[in-house]
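The values are calculated or read from the model by the stated rules, or taken from the named source; none is laboratory data. Everything numeric here is computed off the predicted structure, so don't read it as measured data. Neighbour counts are summed over all protein chains in view; Cβ atoms, including those assigned to glycine, are modelled from backbone coordinates with ideal geometry.
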Amino acid sequence: MTFSDLCMQAIPKEDSATYDMLCQADSVGVFQIESRAQMAMLPRLKPRCFYDLDIEIAIVRPGPIQGGMVHPYLKRRQGLEQVSYPHPEIKAVLERTLGIPVFQEQVIRLAMVAAGFETEEAEVTQRASTSTELNEQQASSMMKMLEVLEDLDDVQNVYSNADIPDEILALLG
């Protein structure tokens with residue numbers, strides 16, 4: 001094979017040897033997964049497909065780490081923790097990430113599906129979930145979202161791993 005034979009379409013999408021290498025944290029020079037934090041996660045997550053790498057990149061971020069989403073996701077992935085959903089519509093949003101909101105888009109979709117938010121209010125809620133200080137609009141949206149989840153009687157299962165500001169949790173009592 002010559003250099004001119006190489007093209008993106010010729011690279012196998014699910015090359016098991018590549019994933020074996022990544023599971024051993026051999027990712028120096030691989031964009032997005034070469035940091036020490038990413039390399040430390042690779043053997044724990046054990047990616048076997050491209051979507052696993054999406055999750056890897058998304059979960060090794062301040063929001064998911066500070067929000068306590070990493071360990072529950074890994075436990076569910078390893079079969080050590082049961083995956084459950086309070087409602088079928090929430091399952092549709094969180095199923096690919098085993099019931100853990102890993103991606104910012106999932107938080108937005110969760111707000112739209114569970115709380116009936118319009119896109120703008122859902123985006124405010126997503127920003128609130130990663131903020132340390134909330135403005136009035138963010139606090140109101142977050143409270144509304146958590147009240148809906150509390151009504152579903154499963155705040156602990158769905159959103160307990162998100163980075164919910166202490167001031168909102170105190171209001172819920």
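Points to keep in mind about this one:
- Selected residue [modelled with pLDDT under 85, under 22 Å from Val102 (Cα atoms) and surrounded by fewer than 18 Cβ atoms within 10 Å (Cβ to Cβ)] from Gln32, Gln66: Gln66
- Failed condition for Pro72, given (1) in a helix (DSSP H, G or I); (2) surrounded by 15 or more Cβ atoms within 10 Å (Cβ to Cβ); (3) free of Cβ contacts under 8 Å to residues at least 40 places away in the same chain; (4) not small (Gly, Ala, Ser): (3)
- Ile65 in a loop (DSSP other than H, G, I, E, B) and closer than 30 Å to Val124 by Cβ: no
- Filter pass, Ser129 being at pLDDT 75 or above and of a type in the set (Ser, Thr, Tyr): no
- Number of positions in the range 95-108 that are crowded, with 23+ Cβ neighbours inside 10 Å and either of a type in the set (Val, Ile, Thr) or not assigned by TED's automatic domain parsing to the domain that holds Ser129 (or both): 3
- Matching residues in the range 48-62 - criterion: being buried (at least 19 other Cβ atoms within 10 Å of the Cβ) and part of a loop (DSSP other than H, G, I, E, B): Val60
- Among the residues listed as Ala40, Ala92, the single one being in a helix (DSSP H, G or I) and not assigned by TED's automatic domain parsing to the domain that holds Ala122: Ala40
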